[in-house]
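Asks: Supplied in structure tokens, the structure appears directly below.
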Amino acid sequence: MKRLLISSSFYRALEAIWAAVTMLIVTPIVIKALGAESYGLWLLILSSVGLLSFFELGFASAIQRRMAQLIENNDPRRLNSLFSSAFFIFLFLSIVAFTCVLLIAINPLVLGVHLNNKPFVFDALFLLSIKLVFDFVANCFHGIFSGHLKFDIDSKVSIVAITIKAVLMVLLVKDYGFLSLVLITLFVDISVHIIKFFIAYRIQPSLSLSVPVNFSDDVIDLSHYAKHVVLIELSRLIQDKSVTLFISHLFGLVTISIFSIADRLIRQAYAMIQTITGVLQPFLIRKLEKGELSESLMQNSMLIHTWLSCVVFLPVMLCGPAFIMLWVGSDFSESADLLHIFVLAFFLKVLVSPISHLLLAHAKHQKIALLEITASIIYITLLIILGNEFGLIGVVWGGVLSSLLVHAIGYVFLADKILGIKFYFSLSLIFKTQFIFWLSYFFNKYFHVFTMEMTWLELIFSVFMSTLFSVLVGFYFILNKDLRRILLSLRSEKN
């Protein structure tokens, strides 16, 4: 068990790192080949298709959770029944999503796209809607990987797929343009799903598909869990995917490209933190189930999350603008100017992630759903108001303010009332880190320690120095004495 968990954690981390590396390599090549406007159109189409994953209606999480339980209980007959029900549930939901994609393809003005782009949009959405069907049905098999703790196999296949997709895009996008991205995505993603289908059957040889005999009972059973998750997932989808639609209508496709450069860079940093801290979540939930989860343990988890946020996000904020200029060129200088605002929003998300996981473990889905729905409403409202008033920078600040109101206040309040994490502790942690971030930002802005104009060698040195700075600052000003002592003892044991 321990070996499987370590292997899974390692390959999940490797997958996240490799995805970030390939994204950094491929993005400037694709932008150069397509131009900023066509690249923005590609991102808009991907976001639109991504929004339609809402039609999974929370069943994906519910089925994975239930299948893992049946594998743990060694009940192959019931597992096959559930698997068959899941297949037909997702087949039906995928047809609904497929129909919605086609409706959007017929009327691309919904996306804020000009009619001269209609042929490209229709072809892309039609082809990606086929992929969407496979994406939905693949949820039936994900529970097999999670139930047997075979995340390492899943990650290995994904790493190979990421590599093939990146290589094909680099080789073909210059000569074949926009449509090559669509066909590569379609081919690679469907191939990955088919491979994972066969692997799942090898992991669980007794797995079989048949006409479900308990279909209505399975739907009712899964709905009890899914109904709580669906609102949470919908709200988060709106917060993550709707912004490109709004930017398309208000500013155009080129602005989507500018926004996405900073957004994708900070999301890669966020994914890295989530991968590292992901190993803490099962540990905390296990302690909760045993009744051994103390307030100090939860506080230490928040401190570790906050420290890692400083270690990752401070160098991104200080050196990220120079990286963007070297990475994609001066045409995206506006994106570099937005980076520090993105850091603020994602820092708050990292801070409350242990609170969110523990609230889910306490079965407080309704309260989380209420918070996330509130965040979505506030976010959309601020996008419209601040976007119209201040342009793209107003859009980004809308995300920060909604995150501040909901994540920094709402989740912290629930942590105090439900988990017993003192309100003043969480708020003091937020104020302390905001002080570090803003002091670092204004110090660098006025004394030009890390400038936007660097060579690659200077950037590497700057990243090293800023990382060292953030490690030390976080170590002494965020971590408490107990955590510092534990980390120092681990270092001495390693030596």
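The values are calculated or read from the model by the stated rules, or taken from the named source; none is laboratory data. Just so you know, these numbers come straight off a predicted model, no measurement behind them. Don't worry about glycine lacking a Cβ; one is built from the backbone with ideal geometry, like all the others, and counts go over all protein chains shown.
Asks: Which members of region 210-224 meet the condition of being more than 18 Å from LEU57 (Cβ to Cβ) and either surrounded by 13 or more Cβ atoms within 10 Å (Cβ to Cβ) or at pLDDT 75 or above (or both)?
Replies: Answer for region 210-224, where residues must be more than 18 Å from LEU57 (Cβ to Cβ) and either surrounded by 13 or more Cβ atoms within 10 Å (Cβ to Cβ) or at pLDDT 75 or above (or both): SER210, VAL211, ASN214.
Asks: Can I ask one more? Filter region 366-391 down to the residues that are of a type outside the set (A, V, I, L, M, F, W, C) and assigned to a helix (DSSP H, G or I) and list them by number.
Replies: Correct list: GLN366, LYS367, GLU372, THR374, SER376, TYR379, THR381, GLY387, ASN388, GLU389.
Asks: How many residues, within region 468-478, are touching a residue at least 12 places away in the same chain (Cβ under 8 Å) and surrounded by fewer than 13 Cβ atoms within 10 Å (Cβ to Cβ)?
Replies: The total comes to 0.
Asks: Just a yes or no: is a residue in region 472-484 over 14 Å from LEU314 (Cα atoms), of a type in the set (S, T, N, Q) and not in a helix (DSSP H, G or I)?
Replies: Yes, region 472-484 has at least one match.
Asks: Something else: Which of the following residues is assigned to a helix (DSSP H, G or I), in the same structural domain as LEU111 (by TED's automatic domain parsing) and under 30 Å from ASN116 (Cα atoms): ASP189, ASP263?
Replies: Answer to the check: ASP189.
Asks: Sticking with this structure for a sec: Conditions first: (1) buried (at least 18 other Cβ atoms within 10 Å of the Cβ); (2) over 18 Å from the mean Cα position of the chain (by Cα); (3) closer than 24 Å to ASP331 by Cβ. PRO28 passes all but one, so which condition is the exception?
Replies: Going through the list (1) buried (at least 18 other Cβ atoms within 10 Å of the Cβ); (2) over 18 Å from the mean Cα position of the chain (by Cα); (3) closer than 24 Å to ASP331 by Cβ, PRO28 breaks only (1).
Asks: Here are the criteria: (1) in a helix (DSSP H, G or I); (2) crowded, with 19+ Cβ neighbours inside 10 Å. Tell me which single one LEU171 does not satisfy.
Replies: (2)
Asks: Using the structure shown, decide if ILE164 is surrounded by 19 or more Cβ atoms within 10 Å (Cβ to Cβ), assigned by TED's automatic domain parsing to the domain that holds ARG66 and either β-branched (Val, Ile, Thr) or closer than 20 Å to LEU34 by Cα (or both).
Replies: No; evaluated as a whole, the condition is false for this residue.
Asks: Among the residues of region 8-24, is any within 24 Å of TYR176 (Cβ to Cβ), over 17 Å from the mean Cα position of the chain (by Cα), in the same structural domain as TYR176 (by TED's automatic domain parsing) and among the hydrophobic types (A, V, I, L, M, F, W, C)?
Replies: No, that holds for no residue.
For every residue, the table says whether it meets (1) of a type in the set (S, T, N, Q); (2) modelled with pLDDT under 85; (3) farther than 16 Å from PRO321 by Cβ; (4) surrounded by 12 or more Cβ atoms within 10 Å (Cβ to Cβ).
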position: THR455; (1), (2), (3), (4): yes, no, no, no
position: GLU458; (1), (2), (3), (4): no, no, no, yes
position: SER466; (1), (2), (3), (4): yes, no, no, yes
position: LEU490; (1), (2), (3), (4): no, yes, yes, no
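Asks: Tell me whether region 427-441 contains one or more residues that are surrounded by fewer than 17 Cβ atoms within 10 Å (Cβ to Cβ) and outside any helix (DSSP H, G or I).
Replies: No; the residues of region 427-441 include none that is surrounded by fewer than 17 Cβ atoms within 10 Å (Cβ to Cβ) and outside any helix (DSSP H, G or I).
Asks: Let me ask you something else. Within region 330-352, does at least one residue satisfy the condition of being surrounded by fewer than 17 Cβ atoms within 10 Å (Cβ to Cβ), without any contact (Cβ under 8 Å) to a residue 12 or more places away in the chain and either part of a helix (DSSP H, G or I) or in contact with a helix residue (DSSP H, G or I) (Cβ under 7 Å, 6 or more places away or on another chain) (or both)?
Replies: Yes, there is a match, as at least one residue in region 330-352 is surrounded by fewer than 17 Cβ atoms within 10 Å (Cβ to Cβ), without any contact (Cβ under 8 Å) to a residue 12 or more places away in the chain and either part of a helix (DSSP H, G or I) or in contact with a helix residue (DSSP H, G or I) (Cβ under 7 Å, 6 or more places away or on another chain) (or both).
Asks: One residue is enough: does region 353-360 have a residue meeting the conditions in a helix (DSSP H, G or I) and under 30 Å from GLY252 (Cα atoms)?
Replies: no
Asks: Taking the conditions exactly as written (out of contact with any Phe, Trp or Tyr (no Cβ under 8 Å at 6 or more places or on another chain) and either surrounded by 19 or more Cβ atoms within 10 Å (Cβ to Cβ) or modelled with pLDDT under 85 (or both)), does ASP135 satisfy them or not?
Replies: Yes; evaluated as a whole, the condition is true for this residue.
Asks: For SER260, state whether it is at pLDDT below 85 and buried (at least 19 other Cβ atoms within 10 Å of the Cβ).
Replies: no
Asks: Scan region 164-192 residue by residue and report those that are hydroxyl-bearing (Ser, Thr, Tyr) and under 19 Å from GLU15 (Cβ atoms).
Replies: Within region 164-192, THR185, SER191 meet the criteria.
Asks: Inside region 324-371, can you point out the residues that are at pLDDT below 85, small (Gly, Ala, Ser) and within 17 Å of ALA262 (Cα to Cα)?
Replies: GLY329, SER330, ALA345
Asks: Here are some residues: LEU245, LEU237, LEU222. Which one is touching a residue at least 12 places away in the same chain (Cβ under 8 Å), under 23 Å from ILE144 (Cβ atoms) and among the aliphatic types (A, V, I, L, M)?
Replies: One residue alone meets the criteria, LEU222.
Asks: Check ALA86, ALA124 and return the single one that is over 26 Å from SER235 (Cβ atoms) and either assigned by TED's automatic domain parsing to the domain that holds VAL192 or more than 25 Å from the chain's Cα centre (by Cα) (or both).
Replies: Only one candidate qualifies: ALA124.
Asks: What do you reckon, is PHE145 surrounded by fewer than 19 Cβ atoms within 10 Å (Cβ to Cβ), in the same structural domain as PRO212 (by TED's automatic domain parsing), more than 28 Å from LYS32 (Cα to Cα) and under 21 Å from the mean Cα position of the chain (by Cα)?
Replies: Spelling it out, it is not the case that PHE145 is surrounded by fewer than 19 Cβ atoms within 10 Å (Cβ to Cβ), in the same structural domain as PRO212 (by TED's automatic domain parsing), more than 28 Å from LYS32 (Cα to Cα) and under 21 Å from the mean Cα position of the chain (by Cα).
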